[in-house]
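Worksheet: one structure, shown below.
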Number of protein chains: 2
Amino acid sequence: MTPRLVEVRKNVLKKNDELARRLRERFAEAGVFVVSLVSSPGAGKTALLERMLRDLGARARVAALVGDLATENDAARLARSGAPVRQIVTGTVCHLEAQMVAAALEGWQPDHLNYLFIENVGNLVCPASYDLGENLRMVLLSVTEGEDKPLKYPAIFYTSDVAVVTKWDLAEAVEFDWETARRNILAARPDMRIARVSAKTGEGVLELLALLASGRRA
Amino acid sequence: MTPRLVEVRKNVLKKNDELARRLRERFAEAGVFVVSLVSSPGAGKTALLERMLRDLGARARVAALVGDLATENDAARLARSGAPVRQIVTGTVCHLEAQMVAAALEGWQPDHLNYLFIENVGNLVCPASYDLGENLRMVLLSVTEGEDKPLKYPAIFYTSDVAVVTKWDLAEAVEFDWETARRNILAARPDMRIARVSAKTGEGVLELLALLASGRRA
């Protein structure tokens with residue numbers, strides 16, 4: 001990037017961080033635990049979120065914001081869970097920003113919620129730099145993507161709190177090497193919590209929800 | 001984005017386009033056909049490229065540039081094909097730019113080549129805006145990512161000439177809906193050429209190479 005672009009980008013990031021801090025305070029006052037999801041396109045964010053909204057929805061008040069460049073398909077899909085869902089259409093912007101979250105929340109009452117999920121645009125690069133005010137960032141890695149992604153996209157793994165290995169039902173078919181993946185995730189962030197799930201079969205989803213619940217109580 | 005960031009970005013893109021045009025002229029003079037590959041992380045760019053370098057390498061002079069945020073793993077992997085390969089490490093930059101391609105080519109003699117492949121950073125958003133001087137842009141979509149990606153990431157599909165559906169060997173296991181995928185690809189770009197390949201079994205690779213060869217002769 002040109003030096004001028006770097007400089008302007010720094011200011012944008014600084015503003016974003018300030019707004020994210022205010023959002024985080026607002027969430028804390030309201031008692032809502034905010035979880036963001038980041039991953040490659042097609043790693044299964046929406047499928048996992050659909051599962052979590054359905055399973056959590058019976059016991060807690062949940063809602064979701066979902067980001068995409070185009071289409072409102074994901075919001076329609078997630079709304080089937082019965083949870084309130086809003087779509088953020090970013091146009092050409094490759095990530096969500098705190099101001100988009102703030103705008104999407106207008107008119108909502110987050111103090112009625114226990115959990116708010118924010119699904120980012122499918123992208124393992126750009127979302128790393130933008131704090132959204134979330135309490136916990138979850139990075140998804142599907143077994144079909146290969147074990148090397150944490151080494152190739154270190155920033156997004158480093159800035160996440162939980163790594164979720166998805167599509168576990170396909171692990172055998174693609175000869176996924178769990179030990180190598182685990183080692184690569186821990187190379188990016190040594191204290192990362194790691195979960196394995198299949199949104200298709202439901203395997204591991206309860207354990208992941210328990211992990212979120214313990215984060216919420218902490 | 002803020003208006004000022006948009007303005008600076010416009011200038012960056014304009015400079016990139018000028019440099020890309022000069023690169024394209026240089027490639028034409030040298031008689032090298034340049035193919036770029038874009039996709040999500042883990043869609044199989046490197047696996048397909050490894051196959052193509054090996055299969056093409058017996059009949060043509062081929063080389064590759066490969067972009068990643070971090071690690072030189074892909075260059076090492078591709079070098080096993082025997083073709084000359086150079087890694088471009090982008091740091092935090094989410095896409096390749098024409099100047100990175102120009103810098104990576106320094107000291108190389110592209111006029112000794114028939115094909116030059118450029119593997120972009122795994123990202124379905126940012127690379128769409130950056131012309132690299134290539135003759136043909138290939139967007140990969142793996143069957144495990146789902147059929148909806150062309151609708152959600154329209155710009156990268158619209159700016160590509162060929163869509164390659166990868167990991168075809170897994171299509172049945174993930175219940176991939178070919179007709180829906182095809183319809184979505186053509187919604188993004190009605191004249192898109194579409195190929196189906198499995199780098200694992202080799203299915204469809206020859207047909208894809210034939211498609212490249214016809215592009216080169218055109």
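The values are calculated or read from the model by the stated rules, or taken from the named source; none is laboratory data. On a predicted model such as this, the values are computed, not experimentally measured, just so you know. Here the Cβ positions follow ideal geometry from the backbone for every residue, glycine too, while neighbour counts run over all protein chains shown. Quick note on the areas: whole protein, heavy atoms, side chains included, nothing else; ligands and nucleic acids left out. Shrake-Rupley method; radii C 1.70, N 1.55, O 1.52, S 1.80 Å.
Here are some notes:
- For residue A:151: the one exception among (1) open to solvent by 40 Å² or more (accessible area, probe 1.4 Å); (2) part of a loop (DSSP other than H, G, I, E, B): (2)
- Filtered by the rule that a residue be in contact with a Phe, Trp or Tyr (Cβ under 7 Å, 6 or more places away or on another chain), part of a loop (DSSP other than H, G, I, E, B) and open to solvent by 20 Å² or more (accessible area, probe 1.4 Å), the stretch A:176-205 gives A:189, A:203.
- Test: residue in the stretch B:15-22 that is of a type in the set (A, V, I, L, M, F, W, C) and away from every other protein chain (no Cβ under 11 Å): yes
A quick yes/no check of all residues on (1) open to solvent by 10 Å² or more (accessible area, probe 1.4 Å); (2) in a strand (DSSP E or B); (3) acidic (Asp, Glu); (4) at pLDDT 95 or above:
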| position | (1), (2), (3), (4) |
| --- | --- |
| B:64 | no, yes, no, yes |
| B:96 | no, no, no, yes |
| B:111 | yes, no, yes, no |
| B:118 | no, yes, no, yes |
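- The stretch B:24-34 - residue that is of a type outside the set (Phe, Trp, Tyr) and in contact with a helix residue (DSSP H, G or I) (Cβ under 6 Å, 6 or more places away or on another chain) and, of those, farthest from residue B:166 (Cα to Cα): B:30
- Of all residues in the stretch B:73-82, none satisfies being in a strand (DSSP E or B), within 12 Å of chain A (Cβ to nearest Cβ) and under 26 Å from residue A:140 (Cβ atoms).
- Residue within the stretch B:179-188 that is more than 18 Å from the chain's Cα centre (by Cα), in contact (Cβ under 8 Å) with a residue 40 or more places away in the chain and farther than 16 Å from residue A:174 by Cα present: yes
- Yes/no for residue B:11 being of a type in the set (S, T, N, Q), within 10 Å of chain A (Cβ to nearest Cβ) and over 19 Å from residue B:127 (Cα atoms): no
- Some residue of the stretch A:75-92 being in contact (Cβ under 8 Å) with a residue 60 or more places away in the chain, in contact with a helix residue (DSSP H, G or I) (Cβ under 8 Å, 6 or more places away or on another chain) and within 30 Å of residue B:159 (Cα to Cα): no
- Subset of the stretch B:154-175 (residues that are open to solvent by less than 10 Å² (accessible area, probe 1.4 Å) and within 11 Å of chain A (Cβ to nearest Cβ)): B:156, B:157, B:166
- Residue match in the stretch A:129-146 (condition: within 14 Å of chain B (Cβ to nearest Cβ) and assigned to a loop (DSSP other than H, G, I, E, B)): yes
- Residues of the stretch B:5-21 satisfying the condition of being exposed (fewer than 14 other Cβ atoms within 10 Å of the Cβ) and among the acidic types (Asp, Glu): B:7, B:18
- Condition met for residue A:55 (open to solvent by 10 Å² or more (accessible area, probe 1.4 Å) and outside any loop (DSSP other than H, G, I, E, B)): yes
- Number of the exception - residue A:126 against (1) over 22 Å from residue A:34 (Cα atoms); (2) at the interface with another protein chain (Cβ under 7 Å from one of its Cβ atoms): (1)
- Unique residue being under 16 Å from the mean Cα position of the chain (by Cα), of a type outside the set (Asp, Glu) and assigned to a helix (DSSP H, G or I) when the list is B:37, B:13, B:49, B:19: B:49
- So residue A:43, is it in contact (Cβ under 8 Å) with a residue 40 or more places away in the chain, within 11 Å of another protein chain (Cβ to nearest Cβ) and either at positive phi or part of a loop (DSSP other than H, G, I, E, B) (or both): yes
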